[in-house]
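The values are calculated or read from the model by the stated rules, or taken from the named source; none is laboratory data. All values reported here derive from a predicted model rather than from experimental measurement. For neighbour counting, all protein chains shown are included, and Cβ atoms are generated from backbone atoms with ideal geometry for every residue, glycine included. Protein only, heavy atoms only, side chains kept; ligands, DNA and RNA dropped before computing areas. Shrake-Rupley method; radii C 1.70, N 1.55, O 1.52, S 1.80 Å.
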Amino acid sequence: MAATNRAAFLLLSLLSVEAFAQEVPPAPPAAPTPPAAPEPPAQPEVKPTEPLTATPHPAVDVQLSTDPTTVVDENDDDDKEQEKKKKKHHGDIKYSPGHWMRLKLGHHTALRFRMMVEPMMRYTQAFFPTGPSSDASVNMIVRRARVGFQADLAHHVSARMEISAKNMHYEVHNMFGAWKPNKHLELQFGFIKAPGGLERDTYSFDQPFIERSVMTFLNYDHEVGFKAEGTNEQENIFWAAAVMRDPPALPGTDPEDAPQIPTGVEKDDITLAASKWNTSGRIGFTPGDAFEVSFNAGARYRPDEPDFGNIAVEPYDTTVLANRPYRGLMWRVNADAAISQPHWKATAEIGFRRDGKQLAYPDGTVQSEVTLDGHLQAEVFSAVLGVSPCGHYGPAVAAAPLLDGWEIVTRVQGMHVKPVDQPAATLIMGELGLHWQPDRQVRLQLDMALEKFGAYDNTLFNENKDATRVFAQLWAVFSL
């Protein structure tokens, strides 16, 4: 009976399952299972005894080639573009105090610029054998100022133009073109400074005192012509040579400083005569910044038209002797030496000048010209000594300018000028100064001078015959 019941229960269960399967819809087929990712290959086993060091990647030398099989660096085009940008780039400014400011313009061209201003306040008092003069004065002016431009062009060519003010008078300072094929040679053509010795060739704003010395009686400040200058390969020998003509008269000249010219002289004969030529040359030796020695010579050729000479002027612009005309050959020689040490300097210069045959114009007209039997001769000298406990001096070949700190500086100088028609005119002078140079952009100086003129210092107004003059001045230089 029990077996019958179990059989009946199983039959009913099967029938129920079959009925339920007919009522429920079949499920959608399942998505196929993606194949399993292949396992990475097994890494080789590293032996524990071998060090784990990185192997450097070998360098590849990549070169451009038209061969399609050659490896080409994909960054090469970018590098070339950068190079093109660099070549086209312009506008860089380079500047160092005491030097030209340089602006790069592109196309192998640059513009240089500099500017200096030198104001001063000067007290002057003259004393004569009869007593002190009543013309004591205080003069506050800009003694010098300068603005300069130089264009550095392609093919080692340059052009310079500088405008100056001296004693509040405008004038042209430098105007010339130059070619410098290498660092040891430069050729100049235009309104130039001819070689004239240590002091004349030294930068005006680096002079030990605000005025140059009596050495300037030997030559002109600027002339018009050609100049070549350079050094040897070792740069211990320097030289310069020039062929020039007298410059045209510049405006703003003090009548006391202007040469006296007889009436009836044609203006063109003074500066434009074809027979008037000047030459000058200098050669020197400088084994280093500590020492220099040089020799300088020059001549003026006046075979036909006379030269009306130039006045003998002391440094503070009062005349020692009026001009003496001459015809023929004027020549001069001078020598200089300089020592520059870290805390002291010394410079010295001497010179001699001999004019052509001296001329005279008794009634002041050119028709009364008389040739005198003799020549004007002059001897001049100047010596400088500076001591700086805390400062430093520049190269001797540049007259050892103070670069920084302060110094006590002194100068003695003198001149003896003997024309044919009178006894010699003389001047002896001493100066003492306190100079402070905080940097190359600012210079402050306080100094004084004592001058003694001779009894035959005949000038247009004879204001210095047998006189003693005292100067005291405060001045400064401001430089870009």
Sort through ARG469, ARG411 and tell me the only one that's modelled with pLDDT of 95 or more and crowded, with 16+ Cβ neighbours inside 10 Å. ARG411
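Name the residue that is farthest from VAL420 (Cα to Cα), counting only residues in region 327-346 that are small (Gly, Ala, Ser) and within 25 Å of the chain's Cα centre (by Cα). Break it down into steps so the answer makes sense when it comes.
Pass one, region 327-346, residues small (Gly, Ala, Ser): 328, 335, 337-338, 340, 346.
From what's left, within 25 Å of the chain's Cα centre (by Cα): 335, 337-338, 340, 346.
Details: ALA335: 26, ALA337: 32, ALA338: 35, SER340: 41, ALA346: 35 Å.
Among them, the one singled out is SER340.
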Top-ranked residue of region 357-393 - restricted to ones that are polar (S, T, N, Q) and at pLDDT below 95, ranked as farthest from ALA424 (Cα to Cα): GLN367
Look at region 429-446 and say how many of its residues are surrounded by fewer than 16 Cβ atoms within 10 Å (Cβ to Cβ) and in contact with a Lys or Arg (Cβ under 9 Å, 6 or more places away or on another chain). 2
Which one of the conditions (1) open to solvent by less than 10 Å² (accessible area, probe 1.4 Å); (2) under 27 Å from LYS267 (Cβ atoms) does ASP336 fail to meet, given that it meets all the rest? (2)
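What residue, of VAL313, VAL265, is open to solvent by less than 60 Å² (accessible area, probe 1.4 Å) and farther than 20 Å from ALA194 by Cα? I'd like the intermediate steps shown before the answer.
Values: VAL313 fails: farther than 20 Å from ALA194 by Cα.
VAL265 is the lone residue from the list that is open to solvent by less than 60 Å² (accessible area, probe 1.4 Å) and farther than 20 Å from ALA194 by Cα.
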Restricting the first residue to region 258-270 and requiring it to be in a loop (DSSP other than H, G, I, E, B), which pairs with a second residue that is open to solvent by 60 Å² or more (accessible area, probe 1.4 Å) meet a Cβ separation below 7 Å and a spacing of at least six or different chains? GLN260/LEU460; GLY264/GLN367
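Please enumerate the residues belonging to region 351-368 that are among the charged types (D, E, K, R) and open to solvent by 60 Å² or more (accessible area, probe 1.4 Å). Lay out the reasoning, then the answer.
Let us first name the residues in region 351-368 that are among the charged types (D, E, K, R), namely 353-355, 357, 363.
Within region 351-368, ARG354, LYS357, ASP363 meet the criteria.
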Looking only at region 125-137, filter to residues that are in contact (Cβ under 8 Å) with a residue 12 or more places away in the chain and in a strand (DSSP E or B); which one of those is farthest from ASP206 (Cα to Cα)? PHE128
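Would you point out which residue out of MET140, MET115, MET121 is open to solvent by 50 Å² or more (accessible area, probe 1.4 Å), in contact with a Pro (Cβ under 9 Å, 6 or more places away or on another chain), at pLDDT 90 or above and part of a strand (DSSP E or B)? I'd like the intermediate steps shown before the answer.
Values: MET115 fails: in contact with a Pro (Cβ under 9 Å, 6 or more places away or on another chain); MET121 fails: in contact with a Pro (Cβ under 9 Å, 6 or more places away or on another chain).
Unique residue meeting the criteria: MET140.
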Given (1) modelled with pLDDT under 95; (2) surrounded by fewer than 17 Cβ atoms within 10 Å (Cβ to Cβ); (3) touching a helix residue (DSSP H, G or I) at 6+ places or on another chain (Cβ under 7 Å), identify the lone condition not met by SER213. (2)
Residue in region 178-199 that is nearest to ALA154 (Cα to Cα), counting only those that are free of Cβ contacts under 8 Å to residues at least 40 places away in the same chain and open to solvent by less than 20 Å² (accessible area, probe 1.4 Å): ALA178
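Just one of ALA348, ALA273 is surrounded by fewer than 18 Cβ atoms within 10 Å (Cβ to Cβ) and either hydrophobic (A, V, I, L, M, F, W, C) or at pLDDT 95 or above (or both); which is it?
Only one candidate qualifies: ALA348.
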Restrict the check to region 159-169 and report whether at least one residue is outside any strand (DSSP E or B), of a type outside the set (Gly, Ala, Ser), closer than 24 Å to TRP475 by Cβ and at pLDDT 95 or above. no
Suppose the filter is within 31 Å of the chain's Cα centre (by Cα), open to solvent by less than 60 Å² (accessible area, probe 1.4 Å) and among the basic types (Lys, Arg); does ARG324 pass it? no
So how many residues does region 180-226 have that are under 18 Å from the mean Cα position of the chain (by Cα), closer than 28 Å to VAL117 by Cβ and of a type in the set (Lys, Arg)? 2
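Could you list, in sequence order, all residues of region 388-408 that are in a loop (DSSP other than H, G, I, E, B) and either among the hydrophobic types (A, V, I, L, M, F, W, C) or open to solvent by 20 Å² or more (accessible area, probe 1.4 Å) (or both)? Don't jump to the end; show me each part of the working.
Of the residues in region 388-408, the ones in a loop (DSSP other than H, G, I, E, B) are 388-391, 394-395, 399-401.
Residues satisfying the conditions are PRO389, CYS390, PRO395, ALA399, ALA400.
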When the residues of region 149-158 are filtered to those that are open to solvent by less than 40 Å² (accessible area, probe 1.4 Å) and in a strand (DSSP E or B), which remaining residue is nearest to PRO119 (Cα to Cα)? GLN150
Quick check: anything in region 285-297 part of a loop (DSSP other than H, G, I, E, B) and either within 30 Å of THR410 (Cα to Cα) or open to solvent by less than 60 Å² (accessible area, probe 1.4 Å) (or both)? yes
When every residue in region 294-311 that is under 34 Å from the mean Cα position of the chain (by Cα) and under 17 Å from GLY374 (Cβ atoms) is compared, the one modelled with the highest pLDDT is ASP307
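Identify, please: which residue in region 89-112 is of a type in the set (Ser, Thr, Tyr) and open to solvent by less than 80 Å² (accessible area, probe 1.4 Å) and is, among those, nearest to GLN441 (Cα to Cα)?
Once the filter is applied, the top-ranked residue is SER96.
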